[in-house]
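Here is the structure we will look at.
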Amino acid sequence: MSEPTPTVDAAAVRAAAERLRAARRVLVVTGAGISAESGVPTFRGPGGLWRDFRPEELATPEAFERDPHLVWEWYDWRRQRLVPVRPNAAHEALVRLESAAPEMLIATQNVDGLHGVAGSRRVLELHGSIWTVRCVGCREARDDRRAPLPELPPRCACGGLLRPGVVWFGEALPQDVLYESFAAARQAEVVLVIGTSSVVYPAAALPETARAHGAFVIEVNPEATSLTAMADVSLRGTAVACVPALTGAAA
Ligand code: APR
């Protein structure tokens, strides 16, 4: 007999929706969980492994130095899986919220580009994009949506090795992205955190910073995380089950 779907606390949804409706400055922090119901596996949940490799073993400059072909096989596999994937009702609900909350910003850890595909305009890709490639030689960066890639590892016109345009473990986030996301966290009235285990920094420090500056913290996750104890409202449900309910009232 399958596990009953946990019911999300309706009073908590109403209270959170009320805060969202009243807010102008909203920061939304998203992780892999918001794309899970679009069919994208999360990193630390079931299906997160590739050939028994943990993301931490492949998503590093050292791994790329050691074996660029292997790292590119992983990214090419992930790109091919993303081709048929569409944004879900949670991505779409955030587009609606954006039109209601003029100073809303999405800071996403996801490299899948689904917020943009859904139509969100103000999106900071904290960890870059899987659809961008960057030359380790001439440092040119550009969009490349070919999946599969005709050649692994791909090469730049200058002959240099191309790497995925994502931020790897041990690498710093782009300064402008870091600056803009933490400025938004300090000014936010409400921070909505969706589908992240809140274990990877500096992204996990965004809700903490917002809270320290007086923001109301709303978490959406089927499981408790290291953020739950600090959240004003923590909804134990999926992104698709909760986010439209949170923003429907707001629209
Ligand atoms: N709706 C909402 N949340 C969900 C859903 C869902 N349908 N399914 C799973 N989740 C939650 C899980 O309970 C988990 O807490 O999403 C979270 C996903 O956590 P991770 O797999 O750790 O992904 P994320 O937090 O985005 O990882 C952060 O780590 O590997 C790096 O750079 C990578 O950006 C990534 C970063």
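The values are calculated or read from the model by the stated rules, or taken from the named source; none is laboratory data. Everything numeric here is computed off the predicted structure, so don't read it as measured data. Quick reminder, even Gly has a Cβ in these numbers, built from the backbone with ideal geometry, and neighbours come from all protein chains shown. What goes into the accessible areas is simple: the full protein's heavy atoms, side chains included, and nothing from ligands, DNA or RNA. Shrake-Rupley method; radii C 1.70, N 1.55, O 1.52, S 1.80 Å.
The Cα center of the range 30-93 and the Cα center of the range 160-185 differ in position by 17 Å.
Each residue of the range 63-69 is assigned a 3J(HN,Hα), and the resulting list reads 4, 5, 4, 5, 8, x, 5 Hz, derived from the Karplus form 6.51 cos²θ - 1.76 cosθ + 1.60 (θ = phi - 60°), x at Gly and Pro.
Solvent-accessible surface of the range 158-210, averaged per residue with a 1.4 angstrom probe and all protein chains in place: 39 square angstrom. For the chain, the relative contact order comes to 28 percent (Cα pairs under 8 Å, sequence separation of at least 6).
Remark: the range 43-131 carries 45 Å² of accessible area per residue (probe radius 1.4 Å; ligands, DNA and RNA excluded). Per-atom-type breakdown for the chain gives carbon and sulfur 53% of the accessible area (1.4 Å probe, protein chains only). Taking θ as phi - 60° and the Karplus parameters 6.51, -1.76 and 1.60, the scalar couplings of the range 160-174 work out to x, 6, 8, 10, x, x, 10, 8, 8, 4, x, 9, 7, 6, x Hz in sequence order, x denoting glycine and proline.
Where does each of 216-222, 150-156 land if you order them by average Cβ count within 10 Å, highest first?
216-222, 150-156
Under 5 Å from the amide H of residue 107 lie the amide H atoms of 28, 29, 30, 124, each residue being 5 or more positions distant or on a separate chain, with H modelled from the backbone and absent for Pro and chain starts. Over the chain, dividing the summed -39,500 (n - 2.57) contributions of all DSSP H runs of at least 4 residues by the number of residues returns a 222 nm mean residue ellipticity of -10000 deg cm²/dmol.
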